[in-house]
Amino acid sequence: MRQSAGAILFLGVLQWLMVVLAAETLFPGYSIRANDLSDLACTFPPAVSPQQPSAMLFNSATFVIGLFSLISSVLIYFSVGSRLFSILFGISGLFAMGVAAFPGDAGSIHGLVALGWFTAAPLSAIISCRMVKGPMAWFSPAVGIFSLVVLFFAFYSGTASPFQLFGRGGEERMLVYPVLLWMTAFAGYLMGSSRADGQYI
């Protein structure tokens, strides 16, 4: 069951990365330095409607990664038994689905669900160190802490954030992409685990 959880999680991350890359290339004038990821699904002047097919691609991919994270968290709970991790990681999946359901121009609710995703996913990485062995037990909290540090500066320092060197879009990617890489590594770890490993992977 844990191998299935890893496979589902890996597919979720893989499709998100590939589809969002496609959405970025199909969005006229889009800049990974100047634009947030969520701008792919937004309506902002002078546009009067979301840019298609980028908006549809981003929302679909984000909903899928959230759904697959949620499913993976349930399978992890029943195969590994880590309740705290499973709940938190499942919540991160729900927040990701919320980002897709409420695009950037949907008002403050988008900011809330995005903040929830950006918080719950790194915390999941930190907590996962209790259920993995070897280098993953060190890399997981390091990735989570780094992303939370970027999140702190992004929300509380504004333009004074040292990560603004990379622009608004670059700063957000410094937060999101390390967690996605952790999810990929964690998925591989799950797929490579066996029933004989015991309760903890």
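Values in this text are rule-based calculations from the coordinates and carry no lab data. Everything quoted here is computed from the prediction, not taken from an experiment. Note that we place each Cβ from the backbone using ideal geometry, even for glycine, and neighbour counts take in every protein chain shown.
So what is the diffusion coefficient of the range 93-201 in µm² per second by Stokes-Einstein at 10 °C and 1.306 mPa s, using a Kirkwood Rh over Cα pairs?
Rounded, D is 106 µm²/s.
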With +1 at each Lys and Arg Cβ and -1 at each Asp and Glu Cβ, the charge dipole magnitude of the range 26-179 around its Cα centre, to the nearest 20 debye, comes out at 440
